[in-house]
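The structure appears right after this line, and notes come after that.
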Amino acid sequence: MRPRDLDEFVGQPHIVGAGRVLRKAMDAGQLPSMILWGPPGTGKTTLAAIGAKHAKARFVAISAVSSGVQELRKLIDEARKLRQLTDQRTVLFIDEIHRFNKAQQDVVLPYVENGDVVLLGATTENPSFEVNSALLSRSRVITLKPLTEDEVRMIVRRALSDERGLGGKVSLANDAEDALVAVSNGDARVALNALELAADAATAGPDGMRSVGLEEIREALQRRSLLYDRAGDQHYDTISAFIKSVRGSDPDASLYWLMRMIDAGEDPMFIARRIVILAGEDVGLADPQALVIASAAQQATHLIGYPEAYYPLAEATVYLALAPKSDSLKRGLGELQRDLAETRADPVPLHLRNAPTRLMAELGYGQGYRYAHDYEGHVAPDETYLPDSLAGRRYYVPTELGAEADLRARLEALRRSVRRGGPARTGDTSESRPGSD
């Protein structure tokens with residue numbers, strides 16, 4: 001059922017729709033080197049083959065999973081000789097090009113530059129990270145999108161009627177078609193494979209027709225085809241959606257993305273670590289209990305593992321989603337990091353240093369330090385703890401959300417107490433206490 005030309009090609013209208021630049025180029029028989037990036041079953045191999053056909057070029061396809069440098073050099077040498085003898089170009093299609101390491105990708109580079117081959121690489125991984133920058137600079141990156149449900153439905157119906165497919169000898173119930181389209185997740189290959197398997201298992205009636213119902217489709221599919229790679233874009237995209245849902249206080253979306261990760265086999269400790277980070281980064285002191293619950297979920301996950309680990313993970317997820325949010329610590333630490341990078345690292349002020357020896361005391365270590373416990377409210381009047389160059393800097397600015405509202409009030413009271421000064425509780429404390437903290 002692979003499309004033979006662009007008129008049969010389904011999907012990707014942003015690339016090959018009428019009037020699109022690539023469509024015009026391919027119709028004119030021109031084919032630039034390209035990296036085709038997109039999820040499985042969206043037409044990368046098909047588009048490459050059609051492009052080669054329009055360009056009247058020899059089409060050679062290899063897989064980076066099973067091919068090495070030796071085979072690559074042999075194919076390129078054949079392409080050079082063919083071009084010299086007949087002036088026909090070769091389209092070299094490398095499936096899963098991200099599986100080639102840098103040295104293997106470098107083999108192709110000079111031949112792409114001099115036009116001996118047109119490189120069409122297909123990848124499900126982000127080419128920014130997986131394809132050499134030199135190759136990227138000499139190729140166009142074409143992004144393919146998952147097929148829509150209507151597009152998958154069109155492909156399924158064509159397979160039912162076309163002689164290259166099931167030739168009108170199989171009927172598909174409406175609810176079975178809906179399930180097949182939905183569960184294929186925009187992957188035409190999954191849909192066609194499941195349809196073929198279900199059709200093969202169906203019993204033919206007196207008229208030779210085989211009827212495929214919902215149960216046959218469910219058995220053929222077994223489970224939803226999740227687009228998820230624990231080392232690739234889907235891994236990062238899904239955890240990003242999870243984090244943003246928790247941060248946005250949506251427990252339903254948070255649970256959905258959590259279960260997407262769990263169902264795809266994500267490492268439970270990775271999820272647990274992200275939940276602990278969320279507690280500190282996005283909830284913070286607006287709800288100090290959040291970190292306790294997140295840490296408990298991490299420990300419980302470590303203890304019991306899958307499948308029961310989704311209970312503590314789900315509990316912590318919902319708690320964090322519903323908790324008041326504050327990124328005051330994150331902002332303060334950011335300011336602090338900037339100051340550490342951009343200001344001079346002044347020595348510790350003398351009054352904050354200990355003086356365990358006579359020499360250090362004579363040098364002024366600890367002189368003028370006021371012992372906080374000797375003052376009402378444990379605040380020494382006019383005492384400073386930052387270097388002079390950073391005097392008055394405020395790194396922690398609590399919000400008025402959740403528990404931070406109380407912390408904000410307490411902090412403001414402490415700062416007022418420092419400014420006005422408070423009475424000593426036990427005598428004169430203006431002298432330092434040598435050797436004490």
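Hey, if you put +1 on the Cβ of every Lys and Arg and -1 on every Asp and Glu Cβ in the chain, which of 278, 70, 126 ends up farthest toward the positive end of that dipole?
70
Sorted by mean Cβ packing within 10 Å, highest first, what order do the peptides 365-373, 290-298 take?
Ranking, from highest mean packing down: 290-298, 365-373.
Going through the cross-link list 24/81; 56/81; 24/44; 44/169; 44/81; 24/145, which pairs have a Cα-Cα distance over 24 Å in this structure?
Long pairs (Cα-Cα over 24 Å): 24/81; 44/169; 44/81.
What are the ³J(HN,Hα) values, in whole Hz, obtained from phi via the Karplus relation 6.51 cos²θ - 1.76 cosθ + 1.60 with θ = phi - 60°, for each residue of segment 87-95 in sequence order, with x given for Gly and Pro?
6, 7, 8, 10, 8, 9, 9, 10, 6
With a point put 7 Å past each Cα toward its Cβ, work out how far residue 14 is from residue 342 in nm, to one decimal.
3.7
Output the Kirkwood hydrodynamic radius of segment 149-221, Cα pairs only, in Å rounded to one decimal.
Final number for the Kirkwood radius of segment 149-221 is 11.8 Å.
As I understand it, the value is the acute angle between the Cα axis of helix 251-263 and the longest principal axis of the Cα atoms of the chain; what does it come to in degrees, rounded to 10?
Once rounded, one gets 60 degrees.
In degrees from 0 to 90, rounded to the nearest 10, what is the angle of the helix 289-304 Cα long axis to the longest principal axis of the chain?
The helix 289-304 is inclined about 50 degrees to the chain.
Averaging over all projection directions, find the projected area of the Cα convex hull of the chain and quote it in nm² with one decimal place.
33.2
Considering the options 371, 396, 28, tell which one lies farthest towards the positive end of the dipole of the chain, charges being +1 on Lys and Arg and -1 on Asp and Glu at the Cβ, about the Cα centre.
Selected residue: 28.
Tell me, what is the Rg over Rh of segment 13-143, with Rh the Kirkwood radius over Cα pairs?
We get a ratio of 0.94 for segment 13-143.
Quickly rank 202-213, 144-155, 124-135 as a protection proxy: mean count of other C-beta atoms within 10 Å, highest first.
Top of the packing list down: 144-155, 124-135, 202-213.
For the chain, find the longest principal axis of its Cα atoms and tell me its angle to the long axis of helix 102-113, 0 to 90°, nearest 10.
So the helix axis and the longest Cα principal axis differ by about 60 degrees.
Arranged from highest to lowest average of other beta-carbon atoms within 10 Å per residue, in what order do the peptides 66-73, 32-39 appear?
Taking the mean over residues of other Cβ atoms within 10 Å, the ranking is 32-39, 66-73.
Roughly how many debye, to the nearest 20, is the charge dipole of the chain about its Cα centre, given +1 on each Lys and Arg Cβ, -1 on each Asp and Glu Cβ, and no other charges?
Here the chain has a charge dipole of around 1340 debye.
Could you list 44, 330, 53 so that the one with the fewest beta carbons within 10 Å of its beta carbon is first and the one with the most is last?
The fewest-first ordering by Cβ neighbours comes to 330, 53, 44.
Can you list, largest first and rounded to whole Å, the semi-axes you get for segment 243-365 by taking the square root of 5 times each eigenvalue of its Cα gyration tensor?
So the equivalent ellipsoid measures 42, 17, 13 Å along its semi-axes.
Once the Cα gyration tensor of segment 347-420 is diagonalised, what are the square roots of 5 times its eigenvalues, in whole Å and ordered largest first, as equivalent ellipsoid semi-axes?
30, 14, 10
Every read-out reported here was derived from the displayed coordinates using simple, explicitly stated rules and does not represent laboratory data. In this text the structure is predicted, and so the values were computed from the model without any measurement. Cβ sites come from the backbone with ideal geometry, for glycine too, and all protein chains shown count toward neighbours.
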